[in-house]
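The next block holds one structure in the form of C-alpha cells; read it before the comments.
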Amino acid sequence: MTTTTLSTFDAAGFESFLQERQEPQWLKEMRQQAWNQAEAMQWPERRHEEWLRTDIRMFQINRFGIPSSVASDVEPEQVAEAHQLRAGVETAGQIETLDSQIVNASLKETWKERGVLFGSLEDHCESQADLVREYLFSVTNTEHDKFAALHAATWAGGQILYVPRGVVIDEPLHIGSVLSGGGTDTTHTLVILEEGAEATLLHECNCLDPSASGLHLGGIEIIQKPNSHLRYVNLQEWGHKTFNFAMQKATVDRDATLQWTLAAMGSQLTKVNQSVDLVGPGANSQVNGVMFTEARQHIAYHTLQHHKAPNCRSDFLYKSAQQDNSRTVWRGMIKVDPEAQKTDGYQRNDNLVLSSNARADSIPGLEIEADDVRCTHGSTTAKVDEEQIFYARCRGFTRKEATRMIVSGFFQQIFDRITIDSVRDALGDAIARQVREYD
Amino acid sequence: MNHILKIEDLHVTVGDKPILRGVNLTIQHGETHALMGPNGSGKSTLGLAIMGHPGYEITGGKIHLNDQDVLEMEADERARAGIFLAFQRPMAIPGVKMADFLRHATTNIRRPDRKEGEELIPMREFRKELKDRMAHLRMDVEFARRYVNDGFSGGEMKRAEILQLAMLQPKFAILDETDSGLDADAVRLASESIAEIGHQKMGLLIITHHDKLLEHNPPQFTHVMLGGRIVETGGPELADELHENGYDRIRKTYPEAEAANQEMLAEEATA
Ligand SMILES: Nc1ncnc2c1ncn2[C@@H]1O[C@H](COP(=O)(O)OP(=O)(O)OP(=O)(O)O)[C@@H](O)[C@H]1O
Ligand SMILES: [Mg+2]
C-alpha cells in the first residue's frame with residue numbers, strides 16, 4: 001500500500017537497501033556480516049525446541065518488502081492517531097515511526113541540555129558513532145537464529161535512549177511504532193542508562209489497519225548501569241495478520257532496578273525471546289506480561305531470567321487469556337549461575353482459557369547451579385467459570401459484561417503493578433475491546 | 001402497583017434427573033413466605049430455576065412476573081425485571097472489587113434499558129450511597145475494596161449478599177439460607193437488616209433451616225418442600241412446628257414425595 005518499492009528480503013533487495021542509505025562504513029560492514037550469517041542459516045523448523053509449538057510454514061518473508069526510504073503517503077496525523085498510551089501524558093520526548101521510517105522525533109530542550117539522547121537510532125549512528133558502536137547488538141545475540149540475523153542486517157529507523165550518569169527524567173518518554181497495511185517494521189530499540197540514571201519509557205506498536213498483513217522483525221536492547229532505574233512499558237497491537245519476531249533483552253547491573261511490563265494483544269503470529277540478565281549484585285527485575293489472543297492468533301514467548309551475580313532478585317508474572325481458536329505459548333527459565341548465591345527468583349504464568357478451542361501451553365523451568373538460592377515457580381490454567389458468569393448475570397450483567405469483568409479481574413494483579421494511569425487505562429480498554437460474546 | 005410472582009406446575013431436571021416435580025407458588029409484593037424442607041428436597045433448585053440457571057432445564061410449567069413470561073428471559077433480564085437471589089453459595093470473582101461490581105450491577109438494575117458501554121452511576125454519588133448502606137449494615141467500608149467473595153468467610157459472604165439486596169432493591173427476593181454460617185450475633189444482625197430492607201417492602205421467599213430469621217420476618221405463609229414439590233402450605237405456626245418437631249410428620253404424611261426425596265439423595269450419593 002505505502003511501500004512502492006518491490007525490493008524484498010533477497011540478495012538484490014538487500015543490495016539496494018544498502019545502496020539507498022548513506023551509512024558509515026562500520027554499520028554497512030555490520031549489516032553485511034549479519035546478512036551473510038542469515039544467508040547461511042536455515043529457517044527454524046519444528047524439531048528445534050523453541051519452534052516445537054510454533055509453526056511458521058505459513059510465513060513467506062518474500063511477501064514483505066525490505067524497509068525503504070521512499071516517503072510514504074500516510075499523513076502524520078494518521079500515525080499519531082494510532083497511539084494509545086500518550087493520552088493525557090506530559091512526555092519528555094516522542095518518537096514516531098511508520099514502517100520503520102522516522103516520522104517525528106522530539107525531546108524537550110531541558111533534557112537535551114543535560115546530555116540525554118532520544119531519537120532516531122539511524123541518525124545517531126552518524127552523530128554518536130562511538131556510543132552506538134559500543135552498544136548496538138552488544139546485548140542480543142544476532143546469531144540466535146535466522147530472524148535475529150535478518151533483523152541485524154536490515155534494521156531501519158529505530159530509536160535510541162541514552163541517559164547520562166545521574167540524570168533523572170521525571171516525565172515519560174514515548175515511542176510509537178506504526179505499521180501500515182502490508183508494511184514492514186524492523187526497528188531496533190537501544191536503551192542505555194548510565195549509573196544512577198532514571199527513566200520511564202512507553203513503547204507501543206500499532207497499525208493503521210487491524211486486519212492488514214505486516215511484518216515486524218525487531219530487537220530491543222536495554223543496558224542498565226549500576227543504580228539506574230528504568231520503567232519500560234511495551235504494548236503490542238499489530239494487525240491480526242502481522243508476523244512478529246523479536247529478540248528483546250535487558251542487562252541490569254549492580255543495585256539497578258528494571259520494571260518491564262508488556263502487553264501482547266496483536267499479530268497473527270508472535271515469537272519473542274525476552275531475557276533479563278542480572279549482572280551485578282543487588283540487581284532487581286520485575287517483568288509483567290499481559291497476553292490476550294483471539295481468532296487464530298498465536299503468541300509465543302520464551303523468557304529467561306538469568307542470575308549471573310549474587311543477591312539479585314527477579315520477579316516474573318505473565319497472565320494470558322485465550323479466546324476462539326487462539327493459542328499462547330510460554331516457556332520460561334530461571335537460570336542461576338554458580339556465583340549467583342542468595343538469588344531470589346520467582347516465576348509465574350496464569351492462563352484463562354475462554355473457549356474450548358483455545359489453548360495455553362505453559363512451561364516453567366529452573367536451572368540452578370548455586371546452592372544458596374530461593375527460586376519458586378508456578379503455572380495455572382483455568383477456564384472461565386459458568387457459575388461466575390451466572391452469578392454476575394443474576395446481578396444484572398449481560399453475558400458479555402460478565403465475561404469482560406471476569407477477564408479484567410483476571411488481569412487485575414498486573415494492573416495493580418502499573419503505576420502509570422494512561423497505561424492502565426489503555427490496557428484495560430484494549431482488553432475490554434477484545435472480549436467477545438460467548439454462548 | 002401490586003406485583004405478583006407466579007410459579008405454576010414447575011418441572012425442572014438437571015441432566016436427566018428430575019428435581020422439581022410440579023411446584024406451585026404465588027407471591028405478592030409485600031408478602032413474606034418461608035420455604036422449608038429437608039436437605040436435598042429442591043429448595044435451592046427452585047431459586048436457581050427462577051433466576052434462569054442454564055444447568056437447570058425447565059421441562060414443564062410457567063413462571064410469570066406480573067404479565068411477563070419469566071422463562072423467556074435471560075438471567076440478567078430477570079434481575080433487571082426485579083428478581084433477586086441471595087445465593088446459598090455465592091461465587092468469588094477474583095480481581096473485581098466489590099464496589100465496582102456493585103456499581104455496575106446497581107446501574108444495570110436501576111436502568112434496565114441501559115446499553116453496554118453507557119455511563120454508570122456517577123462515582124461520587126454511588127460511593128456515598130454505598131457507604132451509607134454499609135454503615136447501616138455495620139459493615140466496614142474496607143469491605144467494598146475487597147474482591148467479590150474472594151477469600152470471604154462464610155459469614156462475610158452472606159453479609160455481602162445482604163448488602164447487594166440493600167443496594168439493588170428488587171421487587172422479589174429469594175434468600176437461600178442467608179442465615180446459615182453466621183454466628184449468633186450475626187444472625188440477629190442479618191435478620192434485623194433483612195426485615196428493615198425487605199419485610200413488607202418486597203416479596204420475600206425465605207429459605208431457612210433456623211427460626212431467628214423468621215422471628216424478625218414473620219411469614220404470612222410457610223411452604224414445605226419434599227421430593228421436589230410443595231407438599232404443605234400453612235401460616236407461621238407451620239414453621240414453628242417444623243422447627244420444634246422436624247420433618248417426621250411431613251415424611252409420613254406424604255410417602256410418595258418422601259420416596260422421591262430419598263431417590264434424589266441416593267442418586268446424589270452414587271453420582
Ligand atoms: N447442579 C446439579 N447437579 C446435579 N444434581 C443437582 C444439582 N443441583 C441440585 N441437584 C440435586 O437436586 C436435589 C435438590 O437439591 P437442592 O440443592 O435444590 O436442595 P435443597 O433443598 O436446597 O437442599 P439444602 O437444604 O441441603 O440446601 C439434590 O438431590 C441435589 O443433589
Ligand atoms: Mg439449598
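The values are calculated or read from the model by the stated rules, or taken from the named source; none is laboratory data. The model shown is predicted, which means the values in this text are computed figures rather than measured ones. Note: ideal-geometry Cβ built from the backbone for every residue, glycine included; neighbour counts use all protein chains shown. Areas reflect the complete protein model, heavy atoms only, side chains present, ligands, DNA and RNA absent. Shrake-Rupley method; radii C 1.70, N 1.55, O 1.52, S 1.80 Å.
Residue by residue, here is whether (1) under 17 Å from A:PHE147 (Cα atoms); (2) among the acidic types (Asp, Glu); (3) at pLDDT 95 or above holds:
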site: A:GLU49; (1), (2), (3): yes, yes, no
site: A:ALA71; (1), (2), (3): no, no, no
site: A:VAL74; (1), (2), (3): no, no, no
site: A:VAL79; (1), (2), (3): no, no, no
site: A:GLY88; (1), (2), (3): no, no, no
site: A:ILE95; (1), (2), (3): no, no, yes
site: A:ILE102; (1), (2), (3): no, no, no
site: A:LEU107; (1), (2), (3): no, no, yes
site: A:LYS112; (1), (2), (3): no, no, yes
Search result, residues across the stretch B:104-117 that are within 11 Å of chain A (Cβ to nearest Cβ) and either open to solvent by 50 Å² or more (accessible area, probe 1.4 Å) or without any contact (Cβ under 8 Å) to a residue 24 or more places away in the chain (or both)
B:HIS104, B:THR107, B:ARG110, B:ARG111, B:PRO112, B:ARG114, B:LYS115, B:GLU116, B:GLY117
For the condition farther than 19 Å from B:GLU74 by Cα and either at the interface with chain B (Cβ under 9 Å from one of its Cβ atoms) or in contact with a Lys or Arg (Cβ under 6 Å, 6 or more places away or on another chain) (or both), what is the one hit in A:GLN412, A:GLN388?
A:GLN412
May I ask you to verify whether B:ILE19 is within 14 Å of ligand 1 (Cβ to nearest atom), more than 14 Å from every other protein chain (Cβ to nearest Cβ) and in contact (Cβ under 8 Å) with a residue 40 or more places away in the chain?
yes
Which condition does A:ASP425 not pass, out of (1) touching a residue at least 12 places away in the same chain (Cβ under 8 Å); (2) within 13 Å of chain B (Cβ to nearest Cβ); (3) surrounded by fewer than 17 Cβ atoms within 10 Å (Cβ to Cβ); (4) assigned to a helix (DSSP H, G or I), if it passes all the others?
(2)
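Taking strands (runs of 3 or more DSSP E) that fall entirely within the stretch B:18-107, which contain at least 2 residues that are within 13 Å of ligand 2 (Cβ to nearest atom)? Working first, answer last.
On the way: elements: B:32-36, B:57-65, B:83-86, B:93-97.
Qualifying strands (runs of 3 or more DSSP E): B:32-36, B:83-86.
Wholly within the stretch A:89-148, which strands (runs of 3 or more DSSP E) include no fewer than the required count, namely at least 2 residues that are aliphatic (A, V, I, L, M)? Even if it seems obvious, please write down each step before you answer.
Values: elements: A:93-98, A:101-107, A:117-120.
Qualifying strands (runs of 3 or more DSSP E): A:93-98, A:101-107.
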Write out, first by first residue and then by second, each pair whose Cβ atoms fall under 7 Å of each other, whose residues are 6+ apart or on separate chains, and whose first residue, in the stretch B:41-53, is at positive phi while the second is more than 8 Å from ligand 1 (Cβ to nearest atom) and of a type in the set (D, E, K, R).
B:GLY52/B:GLU74; B:GLY52/B:ARG78
Those residues of the stretch A:382-391 which are at pLDDT below 95 and open to solvent by 70 Å² or more (accessible area, probe 1.4 Å), in sequence order
A:LYS383, A:GLU386
Scope the stretch B:84-99; condition buried (at least 22 other Cβ atoms within 10 Å of the Cβ) and more than 8 Å from every other protein chain (Cβ to nearest Cβ); matching residues
B:ALA86, B:MET98
Go through the stretch B:1-29 and count every residue that is at pLDDT 95 or above and over 22 Å from B:ASN261 (Cα atoms).
8
Among (1) more than 14 Å from every other protein chain (Cβ to nearest Cβ); (2) open to solvent by 70 Å² or more (accessible area, probe 1.4 Å), the one test that A:GLY378 misses:
(2)
Cross-chain or 6+ apart pairs with Cβ under 6 Å, the stretch B:168-180 first and within 13 Å of chain A (Cβ to nearest Cβ) and closer than 13 Å to B:ARG89 by Cα, then polar (S, T, N, Q) and within 16 Å of ligand 2 (Cβ to nearest atom)
B:ASP176/B:SER44; B:ASP176/B:GLN88
For the stretch A:22-40 the number of residues that are closer than 27 Å to A:SER69 by Cβ and open to solvent by 50 Å² or more (accessible area, probe 1.4 Å) is 9
